[in-house]
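Peer 1: Please see the structure below; I have some questions.
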Amino acid sequence: MRTFYLAIKYLALLLWSSFIVFPFLWALSTSFKDANAITSGATYIPWLQFEPSTQGWASLFSDGSTGINIVDPYINSAIVTISASLIAITLGTLAAYGLSRFEFRAGFIKNNDITFFFISQRIMPPIVLAIPFFLMLKTLGLLDTVYGLILVYVALLLPIAVWVMIDFFGNIPRELDELAMIDGCRPIGAFFRVILPNSIPGLVVAGMFCLIFGWNDFFFAFTLTFTKVQLLPVAIVSLNSSVTPWWSLSAFALISVAPLVLIAFLVENFLSKGSLAGAIR
Amino acid sequence: MLEMRNVNRAVDGEVHLDGIDFTFEAGKFYTILGRTGAGKTSLMRALMGLMPLDGGQVLLDGTDITAVPVWERKMAMVYQQFINYPHLDVLDNVAFPLRRQGVGKAEARRRAREFIDLVGLGDLIDRRPAQLSGGQQQRVALARALVKEARTLMLDEPLVNLDYKLREQLREQFPKIVERNRDSIILYATTEPREAMQLGDEIIVMHQGRILDAGRPDEMFLRPRNITVAELMGEPPISSFRGEVSEGAVHLAGGLRIEGAGRTLPAPGEYLIGIRPEDVQLGGDLAARVTMSEISGSETVTHLILPFGELLMLSQGVSVHEPDDRLNIGFAAADLFFFSLDGDLVSAPDREGQD
């Protein structure tokens, strides 16, 4: 009976993993194909079923005449996503701590309303925000710039950071803050010396969400830039001309998800430690 | 000297502290006895500055410190939950308050080490709190509170979340552990009368946000100011019922009569009469019906119903009584407490020279 359950369990895992992994494998094999191999039906195994070509990968680093240069969009995406995430996490963490520990009141507006205000920004469909953002950046002269994108992404990522961190701080006993203050810390000292060092798992989760959302966003990267600044998702789409270069597209897709996959592996290992256990029993 | 003057605090209409006036003297170990919700924790939080007051003042050596924030009050506290800094090992947990006072790292660690040894965790200084048992975690918290050698040390039911054996063990070690802090004002909240009497130089009895009475444990036990104090000062608690004193005897409902037998009875009239469970004996002329019996092993508490009310009887060892069993019990007039119908003590058993 035990073996049976085990078999079922692994079968389910296997099914699910293949569902997840197959697209990657498909993209990987496609990235080594050329036009010939693509059009001759579904093939999987290099050398046996098709002759591998490095054309797709090479095109990513060309000067633009035969493909597209991936380096600039990659750097732009990295700058925008990382800066916006850092700013959003910093502001979001401070806001979340304030909202979880102090009472604010402005007329009928209380902590919960402020929290909802943050989160509600993610409820609106992006298209609603696109026009105001466009006009704001235009007025500021920040359209088609890295700074403009960072600004917009901070606004988009902040709710995520606040959301994750409020939940996280809510699970840290208030007595821990009190203890720090009893032991001589001012509230800000209690935050930096005690609460923050114990919030690393929360910061990591929030950071990961921000990086994923920021890195993968196409819509705002597309509407708020023209020619000077291009981010990865937009660059991928721009590959698609009259003849779709599937090999370049696949190589491009793989190389753009690579950092996220790497981060996910690192973070998973880190999060499983559960370093908050033992704060309170 | 730490003083509370007419301190009040209510949250959403629920009274936590109701006109607290009290002066704590340095070098005394105070136990605060009261049920859950009596205001013990609130009282400590008010002294610490962890809670805003609705009214009143807290004074330290005559200086008003009501507005002084907690981080400047230099007091120490141990919570009933085991709270430590999860990201620091035992040594740095205990050194933390010293570091915040500006003590150098090496010196802070050296002093922390002394107190870690004192609470018996010398072998575990490089563990994180999560790697310790509950009892060990609370010892870390204790060491961290003691290391500051603060002038005021608050212990809010520090042993309540430990299992029985550990609790007994740590309670025994307690006087030794706080030895170096004996010049301070020590406050220790508890719900257990036995613990309060064992540890305290002075017991403060709290009920519904008020201090009902305070004094030496023996005085408080022998002459409780009122019926509520008497109830809180014993476990199992004192039983009480109405009765009338006349013609040198106590008359109870159901035509029962207990002779004065040499006891100086209060003036004739109606009283609330109290009898401690340990003063009720099996064998006597009062017919009682058993409603329940609780056996703890070394003792048995039997719940009885008599014509004049309910009564608890404490007997040594195991004595099994089933519900609805009929027993004959008795007690002596010499052991009775007389309270006015408002609950104030009128006459207590005469125990002079008995201890």
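Peer 1: Answer with yes or no whether A:Phe191 is away from every other protein chain (no Cβ under 11 Å), more than 23 Å from the chain's Cα centre (by Cα), buried (at least 20 other Cβ atoms within 10 Å of the Cβ) and of a type outside the set (Lys, Arg).
Peer 2: Considered against the rule, which asks whether it is away from every other protein chain (no Cβ under 11 Å), more than 23 Å from the chain's Cα centre (by Cα), buried (at least 20 other Cβ atoms within 10 Å of the Cβ) and of a type outside the set (Lys, Arg), A:Phe191 comes out as yes.
Peer 1: Tell me which residues, restricted to segment B:136-171, are assigned to a helix (DSSP H, G or I) and within 16 Å of the chain's Cα centre (by Cα).
Peer 2: Once the filter is applied, which keeps residues that are assigned to a helix (DSSP H, G or I) and within 16 Å of the chain's Cα centre (by Cα), segment B:136-171 yields B:Arg167, B:Glu168, B:Arg171.
Peer 1: Filter segment B:65-80 down to residues that are facing another protein chain (nearest Cβ under 7 Å) and free of Cβ contacts under 8 Å to residues at least 40 places away in the same chain and give me whichever is farthest from B:Leu43 (Cα to Cα).
Peer 2: B:Trp71
Peer 1: Pairs under 8 Å by beta carbon, first residue within 13 Å of another protein chain (Cβ to nearest Cβ) and farther than 11 Å from A:Phe169 by Cβ in segment A:197-209, partner of a type in the set (Gly, Ala, Ser) and surrounded by fewer than 18 Cβ atoms within 10 Å (Cβ to Cβ), six or more apart or different chains?
Peer 2: Listed by first residue and then by second, the contacts come to A:Ile200/A:Ser275; A:Pro201/A:Gly274; A:Pro201/A:Ser275.
Peer 1: Related question: Can you confirm whether B:Gly120 is farther than 16 Å from B:Lys148 by Cα, open to solvent by 40 Å² or more (accessible area, probe 1.4 Å) and either modelled with pLDDT under 95 or away from chain A (no Cβ under 14 Å) (or both)?
Peer 2: yes
Peer 1: Residue under question is A:Gly148, and the condition is that it be in contact (Cβ under 8 Å) with a residue 24 or more places away in the chain, crowded, with 21+ Cβ neighbours inside 10 Å and either assigned to a loop (DSSP other than H, G, I, E, B) or within 14 Å of another protein chain (Cβ to nearest Cβ) (or both); does it hold?
Peer 2: So A:Gly148 fails the test.
Peer 1: Another question, then. Just checking, how many residues over segment B:315-345 are surrounded by fewer than 17 Cβ atoms within 10 Å (Cβ to Cβ) and part of a strand (DSSP E or B)?
Peer 2: Final tally of qualifying residues: 5.
Peer 1: Out of B:Gly39, B:Gly62, B:Gly55, I need the residue that is open to solvent by 40 Å² or more (accessible area, probe 1.4 Å), more than 14 Å from chain A (Cβ to nearest Cβ) and in contact (Cβ under 8 Å) with a residue 40 or more places away in the chain. Which one?
Peer 2: Exactly one of B:Gly39, B:Gly62, B:Gly55 is open to solvent by 40 Å² or more (accessible area, probe 1.4 Å), more than 14 Å from chain A (Cβ to nearest Cβ) and in contact (Cβ under 8 Å) with a residue 40 or more places away in the chain, namely B:Gly62.
Peer 1: For B:Arg35, which of the numbered conditions (1) among the basic types (Lys, Arg); (2) in a helix (DSSP H, G or I); (3) closer than 30 Å to B:Ile204 by Cβ fails to hold?
Peer 2: Single failed check for B:Arg35: (2).
Peer 1: If a residue must be more than 10 Å from chain A (Cβ to nearest Cβ), open to solvent by 60 Å² or more (accessible area, probe 1.4 Å) and under 33 Å from the mean Cα position of the chain (by Cα), how many such residues does segment B:81-114 contain?
Peer 2: 3
One line per residue, one yes/no per condition, for (1) of a type in the set (S, T, N, Q); (2) at pLDDT below 95; (3) open to solvent by 10 Å² or more (accessible area, probe 1.4 Å):
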{"position": "A:Ala161", "(1), (2), (3)": "no, yes, no"}
{"position": "A:Phe168", "(1), (2), (3)": "no, yes, yes"}
{"position": "A:Asn171", "(1), (2), (3)": "yes, yes, yes"}
{"position": "A:Gly207", "(1), (2), (3)": "no, yes, yes"}
{"position": "A:Leu211", "(1), (2), (3)": "no, yes, yes"}
{"position": "A:Val229", "(1), (2), (3)": "no, yes, yes"}
{"position": "A:Ala235", "(1), (2), (3)": "no, yes, no"}
{"position": "A:Leu239", "(1), (2), (3)": "no, yes, yes"}
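Peer 1: Something else now. If I ask for residues that are in contact (Cβ under 8 Å) with a residue 40 or more places away in the chain, within 13 Å of chain B (Cβ to nearest Cβ) and assigned to a helix (DSSP H, G or I), which ones from segment A:165-186 would you list?
Peer 2: Answer for segment A:165-186, where residues must be in contact (Cβ under 8 Å) with a residue 40 or more places away in the chain, within 13 Å of chain B (Cβ to nearest Cβ) and assigned to a helix (DSSP H, G or I): A:Arg174, A:Glu175, A:Leu176, A:Asp177.
Peer 1: List pairs: first in segment B:128-139 and within 9 Å of another protein chain (Cβ to nearest Cβ), second hydrophobic (A, V, I, L, M, F, W, C) and exposed (fewer than 15 other Cβ atoms within 10 Å of the Cβ), Cβ under 8 Å, 6+ apart or cross-chain?
Peer 2: Correct list of pairs: B:Ala130/A:Ala277.
Peer 1: Using the structure shown, decide if A:Leu176 is open to solvent by 40 Å² or more (accessible area, probe 1.4 Å) and among the aliphatic types (A, V, I, L, M).
Peer 2: In short, no.
Okay, residues lined up against (1) under 16 Å from B:Met154 (Cβ atoms); (2) in contact with a Leu (Cβ under 9 Å, 6 or more places away or on another chain); (3) not polar (S, T, N, Q):
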| residue | (1), (2), (3) |
| --- | --- |
| B:Arg35 | no, yes, yes |
| B:Leu60 | yes, yes, yes |
| B:Ala67 | no, no, yes |
| B:Gln80 | yes, yes, no |
| B:Asn84 | no, yes, no |
| B:Gly102 | no, no, yes |
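Peer 1: Let me ask you something else. Tell me the strands (runs of 3 or more DSSP E) entirely within segment B:191-291 that contain at least 1 residues that are open to solvent by 40 Å² or more (accessible area, probe 1.4 Å) and acidic (Asp, Glu).
Peer 2: Strands (runs of 3 or more DSSP E) meeting the threshold: B:239-246, B:256-259, B:269-275.
The values are calculated or read from the model by the stated rules, or taken from the named source; none is laboratory data. Quick caveat, the model's predicted, so the values are computed rather than measured. Here Cβ is always computed from backbone atoms with ideal geometry, including for glycine, and neighbour counts include all displayed protein chains. What goes into the accessible areas is simple: the full protein's heavy atoms, side chains included, and nothing from ligands, DNA or RNA. Shrake-Rupley method; radii C 1.70, N 1.55, O 1.52, S 1.80 Å.
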